[in-house]
1. Among the residues of the stretch 111-144, count how many are surrounded by fewer than 20 Cβ atoms within 10 Å (Cβ to Cβ), outside any strand (DSSP E or B) and not small (Gly, Ala, Ser).
2. Only one of Thr107, Thr56, Thr40 is within 21 Å of Ser275 (Cβ to Cβ) and either in the same structural domain as Glu147 (by TED's automatic domain parsing) or not in a helix (DSSP H, G or I) (or both); which?
3. Consider the stretch 48-65. How many of its residues are of a type outside the set (Ser, Thr, Tyr) and surrounded by fewer than 16 Cβ atoms within 10 Å (Cβ to Cβ)?
4. Out of the residues in the stretch 189-208 meeting the condition of being assigned to a strand (DSSP E or B) and aromatic (Phe, Trp, Tyr), tell me which one is modelled with the highest pLDDT.
5. Determine, yes or no, whether Ser20 is in a strand (DSSP E or B), assigned by TED's automatic domain parsing to the domain that holds Asn143 and either buried (at least 20 other Cβ atoms within 10 Å of the Cβ) or polar (S, T, N, Q) (or both).
6. Looking only at the stretch 107-126, count how many residues are within 16 Å of Ile82 (Cα to Cα) and of a type outside the set (Ser, Thr, Tyr).
Amino acid sequence: MSLGKKTNVLSWERCYILGSCSGLLLLSHIGCLFIANPVTKKYRILDHSGSKLIPTIPDHKDRAMCVGFAVNRNRTTMRFKIVCILEMQTVYKFEISDGYSWRLSETTITPRSISDLRTRMKPVYLNDTLHWLRNDGSIIAFNPETEQARLIPSRFRLQHNLDMKLLFAANENINRLTLISMTKNRISVYTLLENSKWALAKRVKYISTDKREILSSPDVVAYDGKCLVLRQMKKDNPHIRSVVHVYDMEANCWRGLGAICQYAIVYELYKITPSLFFVEEDDEKQKVVVASNHQHIYLTAVLGAIDTTK
């Protein structure tokens, strides 16, 4: 399939990345939920008819942050869990799928403080546990294997600073949850300690390369302990919608990573760790969900558009 043909196919309908873990992507395309490996180009269609949350995401994109994707891998096997956190007024419930069926976990959690989950903030998977950040800075933690949930009573006063931009992430070097805040030209990196306190780990100064071409202040979009990634919108450029910059935390220097073209509408950026692993269907458990010809063409185009060499 030629690049032009791929572009035409992808312009028909949008595809949403709901999660990335261990080299696999959880993707949503109208009426279709699937996991895929962008390296091997293999994909598997999932039945999401039993989910209360997944079918509502195309019309409520800000709720995509309620979906958690966790891959548990050892030397011989690889399995995954999809967890949807459901906000039921003051109670949180958890909807779980292993790829074959959906069920509501018996586990619930009722925090003493009233606060919503932070909108458009992706959950973080660390130490076999999914973490969701709330507006008051506290964190809902849920282990998909044991189905144990807890509230981490951390606090980070954010709501009164409208200019502050945030990213909830993990420092993979030290295996700690991390919160990145950005105001104007200063970026602050905070690490969550064992006493549920946020400690300032580093400050980074960002200097725009060409203010004449900038449409908006940059957004912090990714962090893993080694690199910090920013995206910045451009203006008056018929070909480029935004540019992506990377800060090397060890070398203390900025470099350009690439650009996003005008026709591409990108809401989120995800880190992909290349892997050859995949989660195969178990024919004894459930009837295989087969992709239609249209879905096959579309999914092939999506995976073909992902460059895993960068």
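1. Number satisfying all stated conditions: 13.
2. Details: Thr107 fails: within 21 Å of Ser275 (Cβ to Cβ); Thr56 fails: within 21 Å of Ser275 (Cβ to Cβ).
Residue meeting the stated conditions: Thr40.
3. Of the stretch 48-65, the ones of a type outside the set (Ser, Thr, Tyr) are 48, 50, 52-55, 57-65.
Now drop any that are not surrounded by fewer than 16 Cβ atoms within 10 Å (Cβ to Cβ), which leaves 50, 52, 55, 58-62.
So the count comes out to 8.
4. Just the residues of the stretch 189-208 that are assigned to a strand (DSSP E or B), to begin with: 189-192, 198-205.
Applying the additional criterion that residues be aromatic (Phe, Trp, Tyr) yields 190, 198.
Values: Tyr190: 95, Trp198: 92.
Looking at residues that are assigned to a strand (DSSP E or B) and aromatic (Phe, Trp, Tyr), I get Tyr190.
5. Numbers: in a strand (DSSP E or B): yes; assigned by TED's automatic domain parsing to the domain that holds Asn143: yes; either buried (at least 20 other Cβ atoms within 10 Å of the Cβ) or polar (S, T, N, Q) (or both): yes.
Spelling it out, Ser20 is indeed in a strand (DSSP E or B), assigned by TED's automatic domain parsing to the domain that holds Asn143 and either buried (at least 20 other Cβ atoms within 10 Å of the Cβ) or polar (S, T, N, Q) (or both).
6. Of the stretch 107-126, the ones within 16 Å of Ile82 (Cα to Cα) are 107, 122-126.
After this cut, where a residue has to be of a type outside the set (Ser, Thr, Tyr) as well, the list is 122-124, 126.
Qualifying residue count, the stretch 107-126: 4.
The values are calculated or read from the model by the stated rules, or taken from the named source; none is laboratory data. Remember, predicted model here, so these are calculated numbers, not experimental data. Counting neighbours? That spans all protein chains shown, and the Cβs are built from the backbone with ideal geometry, glycine included.
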